[in-house]
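The values are calculated or read from the model by the stated rules, or taken from the named source; none is laboratory data. The structure presented is a predicted model; accordingly, all values stated were derived computationally and were not measured. Note that we place each Cβ from the backbone using ideal geometry, even for glycine, and neighbour counts take in every protein chain shown.
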Amino acid sequence: MNENATNYETFMRLLIEEESAVKAYVRRLVPSWHDVEEVVQQTSLIAWKKFDELDDLDRFGGWLMTIARFEALKHRRSLARSPLVFSDKLAEQLADSTGSIVAGDADRRQALEGCLRKLDQAKRELILKVHQPGVTIREYAKQISRPEQAIYKSVCRLRQQLLKCVKQTLAEEGLP
């Protein structure tokens with residue numbers, strides 16, 4: 001596989017991981033979901049063009065958010081004639097406040113992933129299975145021929161265990 005294909009695959013993997021966070025962030029800065037789609041598309045194009053300039057792949061999320069922020073502000077300026085658009089000052093304040101929220105979400109997600117890896121395989125499969133879109137505990141209990149209430153109790157205990165682990169991990173790292 002050539003280097004361009006490898007770079008593209010890496011870029012797409014990272015982009016897909018961050019897409020929902022970027023959309024949520026941009027939604028706070030632009031007036032409609034249609035605008036979000038436009039800004040995210042433009043952000044993706046710019047990020048791909050500049051991907052070779054990124055030195056540390058671990059910083060991809062923050063780097064992408066920075067691009068998204070500038071693109072959202074640029075898009076807002078193009079909409080400036082609309083009476084329903086926030087002032088640039090307010091948009092900047094929203095971006096600043098949500099930037100720390102998004103960073104915190106990434107820290108919590110990373111801590112959760114580490115805590116999930118600490119679970120034994122059966123417990124990890126259970127918690128991941130019941131949290132898949134469209135899966136209910138009732139359906140899962142029927143699939144594995146276990147009482148629904150037993151699955152609820154197991155999932156509740158696992159959630160509490162994961163919450164405790166995430167809080168402990170964040171505290172050890174000095175994060176809120």
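Tabulated data
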| read-out | value |
| --- | --- |
| Residue in the range 41-55 that is assigned to a loop (DSSP other than H, G, I, E, B) and on the phi < 0 side of the Ramachandran plot present | yes |
| Which numbered condition residue 62 misses (of (1) at pLDDT below 80; (2) closer than 30 Å to residue 170 by Cβ) | (1) |
| Residue check for residue 18: surrounded by fewer than 19 Cβ atoms within 10 Å (Cβ to Cβ) and at negative phi | no |
| Qualifying positions in the range 162-176 - in contact (Cβ under 8 Å) with a residue 24 or more places away in the chain and polar (S, T, N, Q) | 169 |
| Cross-chain or 6+ apart pairs with Cβ under 7 Å, the range 42-64 first and over 25 Å from residue 107 (Cβ atoms), then in a helix (DSSP H, G or I) and of a type outside the set (Asp, Glu) | 46/67; 48/11 |
